[in-house]
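Colleague: This structure is in structure tokens; I'll ask about it shortly.
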There are 2 protein chains.
Amino acid sequence: MPQVVVDVVLKPEISDPQGQAVLGALGRLGHTQVTGVRQGKHFVLDVEGTPDEAALKEIAETLLANPVIEDVELHLPEA
Amino acid sequence: MPQVVVDVVLKPEISDPQGQAVLGALGRLGHTQVTGVRQGKHFVLDVEGTPDEAALKEIAETLLANPVIEDVELHLPEA
């Protein structure tokens, strides 16, 4: 069954306290090579039949993300 | 600056109530082509200098994920 991946990340100008907390913890543990962390959501959708790209784009942009504060990356399966 | 992406997903045998809730909502909205949803976390790390693959693997597998219930995908930047 084709799988569609949707990654939802906060827009760069939106503050990300979860990412900041992870970054602080990594620094305290000595992982100083990491200088920034942003945390988002990762959805894996099972799709029946041929994926309908327009419908999936609408799902990703309006139902899985808040377009006011979040950006979306839609990864369709290779044709 | 190189960016490393870490996707954390629940192992297939672990129940995912968030994914189930999204799947139910999609069905009620008529998006019946989607037959399964799993929700995970998506981290974007900024890394200074050449990424140290071993250290990043350790960060991903032991600090960003709970290896008892979650699987990790580490995406290093193209060399």
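The values are calculated or read from the model by the stated rules, or taken from the named source; none is laboratory data. All figures in this text were calculated on a predicted structure; none of them were measured in a lab. As a convention, Cβ positions derive from the backbone with ideal geometry for all residues, glycine included, and neighbour counts pool all protein chains shown. Remember, those area values only see protein heavy atoms, side chains included, never the ligands or the DNA or RNA. Shrake-Rupley method; radii C 1.70, N 1.55, O 1.52, S 1.80 Å.
Colleague: Taking only the range A:29-79 into account, find how many residues are open to solvent by 70 Å² or more (accessible area, probe 1.4 Å), among the β-branched types (V, I, T) and farther than 19 Å from B:V6 by Cβ.
Modeller: Final tally of qualifying residues: 3.
Colleague: Taking A:E78 and the conditions (1) away from chain B (no Cβ under 12 Å); (2) in contact (Cβ under 8 Å) with a residue 40 or more places away in the chain, which numbered condition does it fall short on, given that it satisfies the others?
Modeller: So A:E78 meets the others, but not (2).
Colleague: For the structure I just gave you, tell me whether B:E70 is farther than 22 Å from A:V47 by Cα and either modelled with pLDDT of 95 or more or basic (K, R) (or both).
Modeller: yes
Colleague: Residues that are part of a strand (DSSP E or B) and either at the interface with another protein chain (Cβ under 7 Å from one of its Cβ atoms) or crowded, with 19+ Cβ neighbours inside 10 Å (or both): does the range A:11-19 have at least one?
Modeller: Scanning the range A:11-19, I find no residue that is part of a strand (DSSP E or B) and either at the interface with another protein chain (Cβ under 7 Å from one of its Cβ atoms) or crowded, with 19+ Cβ neighbours inside 10 Å (or both), so the answer is no.
Colleague: When you go through (1) facing chain B (nearest Cβ under 9 Å); (2) within 23 Å of B:D71 (Cα to Cα); (3) assigned to a loop (DSSP other than H, G, I, E, B) one by one for A:L23, which number turns out not to apply?
Modeller: The single condition A:L23 does not satisfy is (3).
Colleague: Does the range A:32-54 contain any residue that is part of a strand (DSSP E or B), at pLDDT 95 or above, in contact with a strand residue (DSSP E or B) (Cβ under 9 Å, 6 or more places away or on another chain) and more than 7 Å from chain B (Cβ to nearest Cβ)?
Modeller: No, the range A:32-54 contains no residue that is part of a strand (DSSP E or B), at pLDDT 95 or above, in contact with a strand residue (DSSP E or B) (Cβ under 9 Å, 6 or more places away or on another chain) and more than 7 Å from chain B (Cβ to nearest Cβ).
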